[in-house]
Every structure is written in C-alpha cells, then in structure tokens.
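Colleague: Below are the structure tokens for one structure; questions will follow.
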Amino acid sequence: MKTTTKLRNLLKEDKLIVAPFILNALHAKIAEEVGFEAVYMTGCGTAAERGFSDVGLLTMTEMVANAKYIAQAVDIPVICDADTGYGNPINVRRTVREYEMAGVAGIHLEDQVFPKKCGFFEGKQVIPMEEHVQKIKAALDARTDPDFVIIARCDAYAVTGWEDTVKRCKAYIEAGADLVFVDGIKSKEDIDKYATDLKDMPRLYNGDLASTQEMNELGYKIMICGSTIWLIYKQVKDAFEELKSTGRVDPERYGTRWDVAGLMGLDEIYELESKFGSVEVTAD
C-alpha cells in the first residue's frame with residue numbers, strides 16, 4: 001500500500017496520529033522500529049543538520065533530497081515541512097510534484113512571507129490570506145496522487161492575532177486543504193482555544209505542551225512532537241563536555257555499532273551476499 005494511502009487511512013480513524021520529529025533517515029528508522037505509524041521531517045532540523053538556522057536559507061531541492069532519503073528508508077508515512085512552497089502558486093506546483101516524486105505522504109505549506117522564519121522566531125510576516133488560498137488551490141491541482149495530503153499551515157497568530165488566524169484557517173479548509181496547522185502555539189490555553197474555535201476542522205498540533213493522550217481527547221488529528229533537535233543537542237553536548245573534561249564518554253551512554261548496523265539492514269546485506277556470491281578481483 002502506498003504511504004499516501006496509509007496516511008489517508010490513519011486520518012479516517014478516530015485517533016491521534018503521533019509523528020515524531022526526525023532529521024534524517026536514521027531517526028525515521030528508529031521511530032519506525034519503536035512502533036510509530038508516521039514521522040515528521042522537520043525543516044528546522046533539516047536546516048540545522050546543514051549548519052543553518054531556520055530562516056528560509058535552504059532551497060526546495062535540499063529539502064526534497066532529505067525527504068527522499070527518509071521516505072526510501074521506511075514503510076510508514078513521512079509528513080514534510082515544505083516551508084512557503086518556495087515562491088508563488090506556480091512554484092508551489094513544482095514543490096508538490098517534487099515532494100510527491102520523493103515518496104512522502106504529505107506536506108504542509110505556510111502563509112509566511114518568503115524568506116520564512118521558524119514559527120517561534122521573532123520577525124515573522126504573513127502574506128495576504130487570498131494569496132495563500134491560491135497556493136493551496138495550486139497545490140491541490142498539482143498533485144497526481146489524490147491521497148497526497150496537503151496541510152495548510154497558518155503563522156498569523158503572532159503577527160495579526162487570533163481572530164485573523166481563525167478566519168484564515170476557515171478559508172484554507174474551504175479552499176480544499178486536508179488539515180490546518182496553526183503554528184506558534186505557546187500555552188495550554190492556546191491549545192484549548194485552538195481545539196474549541198477550530199473544532200470542526202481537522203487540526204495538526206506542533207509541540208510538547210501536552211501529552212499525546214490529552215491531544216487525542218481534544219480531537220486533534222496529527223501531533224508532531226518529540227523535539228528531536230533539542231534532544232540531540234543536549235545529549236551530544238553533554239557527551240562532548242564529558243569527553244573534554246574526563247577524557248572518555250561513559251559507555252552507558254552508547255548503543256552499539258551492531259544496534260545501528262542491524263537497523264540499517266546489515267543482516268539483509270549478508271543474505272544477499274550469500275545468495276549472489278561475491279566477485280573476487282585478482283591482479284593480472
């Protein structure tokens with residue numbers, strides 16, 4: 001079954017889809033092994049792995065390249081950050097096609113001015129609502145797989161206020177978006193307001209302010225969470241500080257090379273080598 005169809009089927013179920021943040025294919029495979037039914041490729045994390053802050057410095061090509069590696073590594077749906085669509089509605093058409101060809105199950109498109117900023121950074125600006133409506137329509141028109149999920153992200157809350165956010169989300173759903181995603185939610189009160197004022201819309205929540213159980217009870221459809229990038233930063237920094245100060249890292253911190261190799265399919269490689277044999281090259 002296509003991962004787009006898997007995601008559609010999950011959306012039809014009366015339960016929350018929990019998609020942990022992942023930066024790369026390794027993280028995606030770990031999430032799949034643990035038992036998650038979907039993953040979320042974070043734009044912030046993708047940028048950070050390449051040495052950039054999340055302020056619109058990565059190109060669509062760079063984002064899609066990462067998405068392709070991730071989608072090829074797992075059998076579960078991959079939901080991806082597609083930023084602003086990297087231009088106008090015509091650019092959005094190509095963006096949708098490229099992410100589709102990469103094998104992901106869905107993307108979200110935000111209504112920020114390009115170059116965008118992380119939803120929690122200062123200095124965000126949003127485009128007119130009508131302009132993003134056209135982007136959503138262009139995205140829907142561009143997809144070749146009707147199961148490919150288009151999520152409309154709204155960043156207006158910190159810029160133009162809650163009333164405008166609600167108005168925009170309603171317009172995006174009316175334009176045909178499959179879900180809405182209000183970014184910049186900063187409190188439990190925001191979560192409740194989001195659930196109440198947009199209760200008739202399929203909603204995505206980004207964050208860790210509440211448990212997955214609480215978000216499920218509030219009727220959210222997707223929760224992207226786990227803060228992988230912050231977790232990695234803390235764990236790696238602590239390990240490096242320990243190495244610097246003591247001369248070694250406590251072995252209890254580690255998994256093993258065989259844990260990772262097994263996850264990456266080493267046993268299957270050995271089986272294939274046995275099946276097909278190996279060619280030994282000798283010098284003349």
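Colleague: Condition test on residue 89, is it in contact with a strand residue (DSSP E or B) (Cβ under 8 Å, 6 or more places away or on another chain) and either under 20 Å from residue 178 (Cα atoms) or at pLDDT 95 or above (or both)?
Modeller: No; evaluated as a whole, the condition is false for this residue.
Colleague: State all residues of the range 243-264 that are surrounded by 10 or more Cβ atoms within 10 Å (Cβ to Cβ) and either in contact with a strand residue (DSSP E or B) (Cβ under 7 Å, 6 or more places away or on another chain) or not hydrophobic (A, V, I, L, M, F, W, C) (or both); if no residue qualifies, say none.
Modeller: Within the range 243-264, 250, 253, 254, 259, 262 qualify.
Colleague: For the subset of the range 39-71 comprising residues that are hydroxyl-bearing (Ser, Thr, Tyr) and part of a loop (DSSP other than H, G, I, E, B), which member is surrounded by the most Cβ atoms within 10 Å (Cβ to Cβ)?
Modeller: 42
Colleague: What are the residues in the range 238-257 that are under 29 Å from the mean Cα position of the chain (by Cα) and modelled with pLDDT of 90 or more, if any?
Modeller: 238, 239, 240
Colleague: Identify all residues within the range 78-114 that are aliphatic (A, V, I, L, M), without any contact (Cβ under 8 Å) to a residue 40 or more places away in the chain and assigned to a helix (DSSP H, G or I); write none if there are none.
Modeller: Listed by number, the residues that qualify are 101, 102.
Colleague: With in the same structural domain as residue 105 (by TED's automatic domain parsing), touching a helix residue (DSSP H, G or I) at 6+ places or on another chain (Cβ under 8 Å) and assigned to a helix (DSSP H, G or I) as the only criterion, which of 195, 171, 158 stands out?
Modeller: After applying the criteria, what remains is 171.
Colleague: Then there's this: Give me the pairs, please: first residue somewhere in the range 243-271 and outside the structural domain of residue 28 (by TED's automatic domain parsing), second residue anywhere and surrounded by 10 or more Cβ atoms within 10 Å (Cβ to Cβ) and in a helix (DSSP H, G or I), beta-carbon distance under 6 Å, and either six or more positions apart or on two chains.
Modeller: Pairs that qualify, where the first residue is outside the structural domain of residue 28 (by TED's automatic domain parsing) and the partner is surrounded by 10 or more Cβ atoms within 10 Å (Cβ to Cβ) and in a helix (DSSP H, G or I), are 249/239; 249/242; 249/243; 253/239; 263/29.
Colleague: Return yes when residue 219 is on the phi > 0 side of the Ramachandran plot and over 17 Å from the mean Cα position of the chain (by Cα) and no when it is not.
Modeller: Spelling it out, residue 219 is indeed on the phi > 0 side of the Ramachandran plot and over 17 Å from the mean Cα position of the chain (by Cα).
Colleague: If I ask for residues that are part of a loop (DSSP other than H, G, I, E, B) and either loosely packed, with under 10 Cβ neighbours inside 10 Å or in contact (Cβ under 8 Å) with a residue 24 or more places away in the chain (or both), which ones from the range 201-242 would you list?
Modeller: Scanning the range 201-242 gives 201, 202, 209, 218, 219, 220, 221, 226, 227.
Colleague: Can you tell me which residues in the range 112-132 are surrounded by fewer than 21 Cβ atoms within 10 Å (Cβ to Cβ) and either among the small types (Gly, Ala, Ser) or over 21 Å from the mean Cα position of the chain (by Cα) (or both)?
Modeller: Result: 122, 123, 125, 127, 128, 129, 130, 131.
Colleague: Regarding residue 104, is this residue over 23 Å from residue 184 (Cα atoms) and within 11 Å of the chain's Cα centre (by Cα)?
Modeller: For residue 104, the condition - over 23 Å from residue 184 (Cα atoms) and within 11 Å of the chain's Cα centre (by Cα) - is met.
Colleague: Going by the structure shown, is residue 34 in the same structural domain as residue 214 (by TED's automatic domain parsing), on the phi < 0 side of the Ramachandran plot and surrounded by fewer than 15 Cβ atoms within 10 Å (Cβ to Cβ)?
Modeller: Considered against the rule, which asks whether it is in the same structural domain as residue 214 (by TED's automatic domain parsing), on the phi < 0 side of the Ramachandran plot and surrounded by fewer than 15 Cβ atoms within 10 Å (Cβ to Cβ), residue 34 comes out as yes.
The values are calculated or read from the model by the stated rules, or taken from the named source; none is laboratory data. Just so we're clear, the structure is a prediction, and the values are computed from it rather than from any experiment. All Cβ positions, glycine included, derive from the backbone under ideal geometry; neighbour counts span all protein chains shown.
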